[in-house]
1. Would you mind working out the accessible area per residue for the chain, using a 1.4 Å probe, and quoting it in Å²?
2. Please say if the chain is rounded, prolate or oblate, where rounded means a/c under 1.5 for a ≥ b ≥ c the square roots of the C-alpha gyration tensor eigenvalues, and otherwise the choice is prolate for a/b larger than b/c and oblate otherwise?
3. Considering the options Cys17, Ser54, Ile32, tell which one lies farthest towards the positive end of the dipole of the chain, charges being +1 on Lys and Arg and -1 on Asp and Glu at the Cβ, about the Cα centre.
4. Read phi for every residue in segment 56-70 and hand back ³J(HN,Hα) as whole Hz from Karplus 6.51 cos²θ - 1.76 cosθ + 1.60, θ = phi - 60°, with x for Gly and Pro.
Amino acid sequence: MSKETKLLEIVAEILECELEEVSLETELNEDIWDSLSVVSFMAEADSEFGKTLSPTEVVAVKSVKDLLDLIQ
């Protein structure tokens with residue numbers, strides 16, 4: 001499984017939506033990307049991709065593509 005595919009699965013799970021509803025272009029605004037989402041993503045990034053991210057990095061993202069850039 002590619003990093004992109006795994007990332008999309010993780011984001012869909014965090015946002016509690018269907019995988020088909022998430023793409024790299026999906027915007028992560030403050031209405032859907034709250035503090036719980038940030039913490040959840042940080043934990044997943046560490047366990048799935050071996051990346052330790054700071055809250056500041058994850059809060060600053062604007063789209064799922066930005067998350068992909070963080071884990072590359």
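The values are calculated or read from the model by the stated rules, or taken from the named source; none is laboratory data. As the structure is a prediction and not an experimental result, all values here were calculated from the model. We place every Cβ from the backbone using ideal geometry, glycine too, and count neighbours over all the protein chains shown. These accessible areas exclude ligands, DNA and RNA; they are computed on the full protein's heavy atoms, side chains included. Shrake-Rupley method; radii C 1.70, N 1.55, O 1.52, S 1.80 Å.
1. 62 Å²
2. Rounded.
3. Highest projection toward the positive end goes to Ser54.
4. Computed from phi, the couplings for segment 56-70 are 4, 4, 6, 5, 6, 5, 10, 8, 5, 4, 5, 5, 4, 4, 5 Hz.
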